[in-house]
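The values are calculated or read from the model by the stated rules, or taken from the named source; none is laboratory data. Since we're looking at a predicted model, the values are computed, not measured. Every residue, glycine as well, gets a Cβ built from its backbone with ideal geometry; the counts of neighbours run over all protein chains shown.
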Amino acid sequence: MRKPIALALALPLAASPLLAIGPASAKSVVKEVKLENSIRRGFKSQAGKSVTVNCPSKVTWVKGKIFYCKAKAADGTKYRVRVKLGNEAAGNLRWKVVA
């Protein structure tokens, strides 16, 4: 049985943006490892839980785009994490646990 958990984080990460930029003609993509680490740290600091996180790779950065990551706690509890992309230049995004 899943335990309800309310976690959310808004990330304005100008110093460490969660995007990768290639040639001028290429679109930026979300850096999945940095995003996964951010979600992992958020779970630990907000809920005191250690989790493993898996996010899709090569997500193209489009403002307003929504995608989902999966998190799993050491006790086997699984979580679905909704990620919404914001301002690309600043690397802003929001994530929250939805299930």
Single unsatisfied condition, Ile66 versus (1) modelled with pLDDT of 95 or more; (2) within 15 Å of the chain's Cα centre (by Cα); (3) surrounded by 13 or more Cβ atoms within 10 Å (Cβ to Cβ):
(3)
The stretch 42-80: number of residues that are touching a helix residue (DSSP H, G or I) at 6+ places or on another chain (Cβ under 9 Å) and of a type in the set (Gly, Ala, Ser):
4
So the check is Cβ under 8 Å with 6+ separation or different chains; which pairs have a first residue in the stretch 69-93 that's closer than 11 Å to Ile39 by Cβ and a second one that's assigned to a loop (DSSP other than H, G, I, E, B) and modelled with pLDDT under 90?
Tyr79/Arg2; Tyr79/Ile5; Tyr79/Ala99; Leu93/Leu18
Go through Val33, Val81, Val53 for me and flag whichever is at pLDDT 90 or above, exposed (fewer than 13 other Cβ atoms within 10 Å of the Cβ), outside any loop (DSSP other than H, G, I, E, B) and on the phi < 0 side of the Ramachandran plot.
Val33
